[in-house]
Amino acid sequence: MFSRDEAKQDEMRRLLGDERVRYYVGDVRDYDSVLRASRGIDHVFHAAALKQVPSCEFFPLEAVRTNILGSANVVEAAERNGVGSVVVLSTDKAVYPVNAMGMSKAMMEKVAQAHARNNPNSATTVSCVRYGNVMYSRGSVIPLFIEQIKAGRAPTVTDPTMTRFLMSLGESVELVEHAFQHARPGDIFIRKAAACTIGDLAEAVCELFNVPAKLDVIGVRHGEKLDETLASREELTQAEDFGEFLRVPLDARDLNYSLYVSEGELDEGPVEDFNSSNAPRMGVPEIIELLKRLPEVRAELALRDPVLAC
Ligand SMILES: O=c1ccn([C@@H]2O[C@H](COP(=O)(O)OP(=O)(O)O[C@H]3O[C@H](CO)[C@@H](O)[C@H](O)[C@H]3O)[C@@H](O)[C@H]2O)c(=O)[nH]1
């Protein structure tokens, strides 16, 4: 475990109580600290990031330092130490990005792919995973709605028509495991997901907590998109479909394009990207079922009304 936050590391140490886990305090921005931590390591899962959209709009260079340069440090240190594989965690916001967080994650993907392209004989397989919103992740909207309802307030909704892909923490971890087991250098693995509107999500939380679905519409925040895209149209023309997952392989051509002119294939491919407005759409009842499966939501329901939690 390598991270900046010694308090969280301490909490994890006590929670896990597992002497096989070693803890390193350091920062992905500091190459030497990453180099030291990745010595003698077989696999790296790179999740360190600045991930809040609005805050990265105010401090874009901080996103550059952590999400782009920090990721480059992780890849470079892994290469130097002969680490077997590196899986870097990306986001749907990296596709057709409009905000600094998404742009920096898009660049992180490019750094990972460039490593694969420029080091064909490397002992280190670097791949990416990309997914949408992880339900109940720290600082995200579902725990916020629940806190607001508990405080007797209406949930604050930016735009009820805004859509997002939803998945559980378990599903995002499955994607990381899939990449870990199957990745070829430079692959991007994408987890398909269902989407919903934020208005329906707020309504579902209200219904689950048995309060009237009265929403407080606050308007879109800095840098937010109305809909998110998990796979671009350009990627879909190359992607392999594995049911739950898509695999976008590396474009491993070199810069000598003339070689390909006479051999190129004209493939129109799909006309649309895979986005949260054309993906399978969940309504309020389906969102409620999904929410009920989250242990954190069940715990909150049990506190409020033990009967409702059953
Ligand atoms: O008071 C609020 C706050 C947020 N929202 C909306 O809720 C949705 C989800 O917001 P949030 O949970 O803050 O997540 P996102 O801004 O969509 O970003 C999250 O999901 C991304 C995947 O798309 C990850 O990459 C990011 O790190 C993570 O913060 C968005 O449509 C927001 O506009 C509200 O309606 N009311």
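For the range 171-217, a residue qualifies if it is within 16 Å of the ligand (Cβ to nearest atom) and within 30 Å of HIS115 (Cβ to Cβ), and the qualifying residues are GLU171, SER172, VAL173, LEU175, VAL176, ILE188, PHE189, ILE190, ARG191, LYS192, ALA193. Within the range 210-242, the set of residues being touching a Phe, Trp or Tyr at 6+ places or on another chain (Cβ under 7 Å) and among the small types (Gly, Ala, Ser) comprises ALA231, SER232.
Evaluate the range 147-160: report whether one residue or more is assigned to a helix (DSSP H, G or I) and more than 12 Å from the ligand (Cβ to nearest atom). Explain how you work it out, then say what you get.
Of the range 147-160, the ones assigned to a helix (DSSP H, G or I) are 147-150.
Subset that is more than 12 Å from the ligand (Cβ to nearest atom): 149-150.
So far as the range 147-160 goes, yes, one or more of its residues are assigned to a helix (DSSP H, G or I) and more than 12 Å from the ligand (Cβ to nearest atom).
Filtered by the rule that a residue be open to solvent by 10 Å² or more (accessible area, probe 1.4 Å) and either aromatic (Phe, Trp, Tyr) or in a helix (DSSP H, G or I) (or both), the range 181-201 gives GLN181, HIS182, ILE198, ASP200. For the range 169-180, the criterion of a residue being outside any helix (DSSP H, G or I) and modelled with pLDDT of 95 or more is satisfied by no position.
Residues of the range 1-24 that are in a loop (DSSP other than H, G, I, E, B) and either more than 16 Å from ARG39 (Cα to Cα) or not β-branched (Val, Ile, Thr) (or both): MET1, ARG4, ASP5, GLY17, ASP18, GLU19, ARG20, ARG22, TYR23. Could you please let me know if PRO97 is in contact (Cβ under 8 Å) with a residue 40 or more places away in the chain and within 23 Å of LEU230 (Cα to Cα)? Here the answer is no, as PRO97 does not meet what is asked. Filtering the range 161-170 to residues that are within 12 Å of the ligand (Cβ to nearest atom) and either of a type in the set (S, T, N, Q) or surrounded by fewer than 16 Cβ atoms within 10 Å (Cβ to Cβ) (or both) leaves THR161, THR163. State whether the residues of the range 255-273 include one that is at pLDDT 95 or above, under 30 Å from CYS206 (Cα atoms) and assigned to a loop (DSSP other than H, G, I, E, B). Within the range 255-273 (the criterion being at pLDDT 95 or above, under 30 Å from CYS206 (Cα atoms) and assigned to a loop (DSSP other than H, G, I, E, B)), the answer is no, since none of the residues qualifies.
The values are calculated or read from the model by the stated rules, or taken from the named source; none is laboratory data. Keep in mind that this is a model prediction, so the values were computed, not measured. Here Cβ is always computed from backbone atoms with ideal geometry, including for glycine, and neighbour counts include all displayed protein chains. Please note that ligands, DNA and RNA were not included when accessible areas were found on the heavy atoms of the full protein model with its side chains. Shrake-Rupley method; radii C 1.70, N 1.55, O 1.52, S 1.80 Å.
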